Amino acid sequence: MSKDYDPQMHTAEHILNRTMVSMFGCGRSFSSHLNPGKSKCDYHFPRPLSDAEAQEVERRVNEQISRHMPVSEEMMPRSAAAALVDVSRLPAGVAPDAQIRIVRVGDYDICACIGAHVKNTSEIGRFRLVSHDFTPDADGGGILRIRFKAS
Ligand SMILES: [Zn+2]
């Protein structure tokens, strides 16, 4: 992936994930693919998103980006990180005293992440939620896919 867009897209992904969690109580995206023009995040979700909800997600993400928040990274032991973030998806072999990188987007989001980020949300540009679709699965839930751009 190009260095030109990936930190922006990826930091926007953090803000999108936190916005989805706080608006709908779902989990963070379980799968994401960041590419120029067709970045996407998949969520376990119970139903389709309405267009009004999609617009509200876009509005909230841009509201947070426009706060020009610093993005910081901090190494800490897994045992300490567990008090701050969900570490359940980290590899099981990670020792309790292993160092984990915690990434904060201002006061808005915190998670464990090894990706590349911008230093400030002012570098992200404008977030656009391009499309969303829903694929039901057999157990009554489904997968919500959100496609977005940040530039
Ligand atoms: Zn990250």
Measure off, as a whole percent, the carbon and sulfur share of the 1.4 Å-probe accessible area of the chain, all protein chains present. 52 percent
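Please give me, ordered by residue number, the chymotrypsin sites (Phe, Trp or Tyr not before Pro) of the range 15-60 that lie in loop per DSSP and have at most 14 other Cβ atoms within 10 Å.
Details: sites: PHE24, PHE30, TYR43; in loops: PHE30.
Filter output for the range 15-60: PHE30.
Where does the charge balance sit around ILE15 when Lys and Arg score +1, Asp and Glu -1, over other residues with C-beta under 9 Å from its C-beta?
Working: positive: ARG18, ARG60; negative: GLU13, ASP109.
Net charge in that neighbourhood comes out at 0.
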If the elastic network links every pair of Cα atoms under 10 Å, which of SER88, SER72, SER32 fluctuates the most in the Gaussian network model of the chain? SER88
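Provide the net charge surrounding ALA52, with neighbours chosen by a C-beta distance below 12 Å and charges set as Lys +1, Arg +1, Asp -1, Glu -1.
On the way: positive: ARG59; negative: ASP51, GLU53, GLU56, GLU58.
Taking every Cβ under 12 Å from that of ALA52, the sum is -3.
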Accessible area of GLU63, 1.4 Å probe, to the nearest 10 Å²? 80 Å²
Assuming R0 = 35 Å, can you tell me the calculated FRET efficiency for the pair HIS68 and ALA98, based on Cβ-Cβ distance, to the nearest 0.05? 0.60
Accessible area expressed per residue, the chain, with surrounding protein chains retained (probe 1.4 Å, Å²): 53 Å²
Reciprocal of mean inverse Cα separation for the range 67-149 (Kirkwood radius, Å): 15.3 Å
Quick calc: nm separation of the 7 Å Cα→Cβ label points for LEU90 and ARG59 -> 3.8 nm
Cα extents of the range 2-151 along the principal axes, largest first, in whole Å, come to 44, 39, 27
In whole angstrom, how far apart do the alpha carbon centroids of the range 77-96 and the range 1-68 sit? 24 Å
Cβ-derived FRET efficiency at R0 25 Å, LYS38 paired with GLU123, nearest 0.05: 0.75
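The values are calculated or read from the model by the stated rules, or taken from the named source; none is laboratory data. Note that the structure is a prediction, hence the values are computed from the model and not measured. Note that each Cβ is placed from the backbone with ideal geometry, even for glycine, and that neighbours are counted across all protein chains shown. Areas reflect the complete protein model, heavy atoms only, side chains present, ligands, DNA and RNA absent. Shrake-Rupley method; radii C 1.70, N 1.55, O 1.52, S 1.80 Å.
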